[in-house]
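Q: After the structure tokens below, expect a handful of questions from me.
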Amino acid sequence: MISIEDAADTLLPEFLLDKDPGYDGWLFGKVSATLARVDAKEARLHDHDEAMARLRERLREHRAGKTA
């Protein structure tokens, strides 16, 4: 048995939440398409720190576009 405190920093809560119908199929499609693009050399993988920095920058740009 695992406590709620121990599970807080894991993916376990994701498995316990109700998902919208079709979510699993949508996620599978997104991951499959991304892996196909990586295999075809149309995209590349980034390490975690670089991916998070790129995500933050995209969010900043998106926010700037919404407020400007």
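Q: For segment 20-67, what is Rg from Cα atoms divided by 2.2 N^0.38 Å, rounded to two decimals?
A: Here the Cα radius of gyration is 1.47 times the empirical estimate.
Q: Out of residues 5 or more away from Ala43 or on other chains, whose amide H comes under 5 Å of its own, with H placed 1.01 Å from N in the peptide plane?
A: Val38
Q: Then there is this: Figure the gain on full extension for Glu61 and Asp18 (residue separation times 0.36 nm, minus the Cα-Cα span) and round it to one decimal in nm.
A: 12.3 nm
Q: Would you mind checking the tilt of helix 48-67 against the longest principal axis of the Cα atoms of the chain, expressed as 0 to 90 degrees and rounded to 10?
A: With rounding to tens, the tilt is 70 degrees.
Q: Starting from the Cα of Lys41, draw a straight line to each of the lysines and keep only those under 20 Å, dropping any in the same chain fewer than 8 residues away.
A: Lys30
Q: Quick one: angle between helix 23-39 and the longest Cα principal axis of the chain, in degrees between 0 and 90, rounded to 10, please.
A: Orientation of helix 23-39: about 40 degrees from the principal axis.
A short reminder: the numbers here are calculations on the coordinates, not readings from a lab. Predicted, not measured: the structure shown is a model, and the values here were computed from it.
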